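Working notes, beginning with the structure itself.
The values are calculated or read from the model by the stated rules, or taken from the named source; none is laboratory data. Source: prediction; values computed, not measured. With ideal geometry, Cβ positions are generated from the backbone for all residues, glycine too; neighbour counts draw on all protein chains shown. The accessibility values were calculated without ligands, DNA or RNA, using every heavy atom of the protein model including side chains. Shrake-Rupley method; radii C 1.70, N 1.55, O 1.52, S 1.80 Å.
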Amino acid sequence: MTQDNVRANTGWERVDGHVLDRFRTHSVANLGDALDRLNIVDGGIAPVWSGATAVGTALPVLTVAGDNKAVIEALDHIRPGDILVINAFGYDGRAIIGDNLAQRFAVFGAVGAVVDGYVRDAAIIEKLGVPVFARGLTPAGPFKNGPGVIGESVAIGGVVVNPGDIVAADGDGVIVIPPHRAEEALRGVEEIVAREAALDAEVEALRNAAAR
């Protein structure tokens, strides 16, 4: 369907919330190892405030660099558990979102946003507790002319994100997990966590031995 010059696709499915809950207990680094260290967004996209974490279902948005009309219209398409994944072409001249949009995302049920571009109002976004990941900060506001696309595949940080993909983000960065690989990723990450716990136990034993 088309609204002005923004196209929106709603013909896709979201994973069950309990699947997202299972991913929330694991770090992006461990999930990346479980997926052969692929599907990890480049390190230029990072949390805009320390401690931000999010796991959600990707609601992709494609914008014109420096313009957020499509992001605003995406509010009508947010469902609880979504995470907005915005391809803003990495543009550093204007912020695609600020505190007002960030809190609207949360009100509509989104768990956060990943922006291949710049944002602003980082201090307020942190105070609000809305997880936002972006390439950087600029005080310059966006234009609102369009065009744009909502709910179709986008590329951010070298990774293709399809609508409905699972997106996990934390202080280390962002990873994208296709739903058909969710169970495989969870099995793999559980093995990695168990192996790392055993290695940690070895280190603790060495530390105790050295202290005697």
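One residue stands out in the range 29-87 among those that are open to solvent by less than 20 Å² (accessible area, probe 1.4 Å) and farther than 25 Å from V19 by Cβ: the one that is nearest to the chain's Cα centre (by Cα), namely V71.
Listed by first and then second residue, the pairs with beta-carbon distance under 8 Å, at least 6 apart or on different chains, first residue in the range 140-156 and within 18 Å of D92 (Cα to Cα) and of a type in the set (G, A, S), second assigned to a loop (DSSP other than H, G, I, E, B) and at pLDDT below 95, are G146/D4. In the range 185-212, the residues that are loosely packed, with under 10 Cβ neighbours inside 10 Å form no Cβ pair under 8 Å with any partner that is of a type in the set (K, R) and at pLDDT below 85, whether six or more places apart or across chains.
Residues in the range 10-28 that are open to solvent by 70 Å² or more (accessible area, probe 1.4 Å) and within 12 Å of the chain's Cα centre (by Cα): there are none. When the range 137-150 is limited to residues that are in contact with an Asp or Glu (Cβ under 6 Å, 6 or more places away or on another chain) and surrounded by fewer than 24 Cβ atoms within 10 Å (Cβ to Cβ), the one that is nearest to A54 (Cα to Cα) turns out to be F143. Pairing each residue of the range 46-72 that is at positive phi with any residue that is aliphatic (A, V, I, L, M), provided the two are 6+ apart or on different chains, yields C-beta distances under 8 Å for G66/A88; G66/I96. L206 passes every criterion in (1) outside any strand (DSSP E or B); (2) touching a helix residue (DSSP H, G or I) at 6+ places or on another chain (Cβ under 7 Å) apart from (2).
Which residue, of V167, V176, V130, V159, is more than 17 Å from D82 (Cβ to Cβ) and either at pLDDT 95 or above or of a type in the set (A, V, I, L, M) (or both)?
Within the list V167, V176, V130, V159, the selection yields V159.
A residue that is part of a strand (DSSP E or B) and either surrounded by fewer than 23 Cβ atoms within 10 Å (Cβ to Cβ) or at pLDDT 95 or above (or both) occurs somewhere in the range 119-126. Scanning the range 44-63 for residues that are more than 16 Å from I125 (Cα to Cα), among the small types (G, A, S) and assigned to a strand (DSSP E or B) yields a total of 2.
Look at the range 83-94: where a residue is under 17 Å from V176 (Cβ atoms) and polar (S, T, N, Q), no partner that is modelled with pLDDT under 95 and in a loop (DSSP other than H, G, I, E, B) sits 6+ places away or on another chain with Cβ atoms under 6 Å. Can you go through F133, F105 and tell me which one is part of a helix (DSSP H, G or I) and open to solvent by less than 20 Å² (accessible area, probe 1.4 Å)? After applying the criteria, what remains is F105.
Here D116 fulfils each of the conditions (1) buried (at least 24 other Cβ atoms within 10 Å of the Cβ); (2) at positive phi; (3) among the charged types (D, E, K, R) apart from (2).
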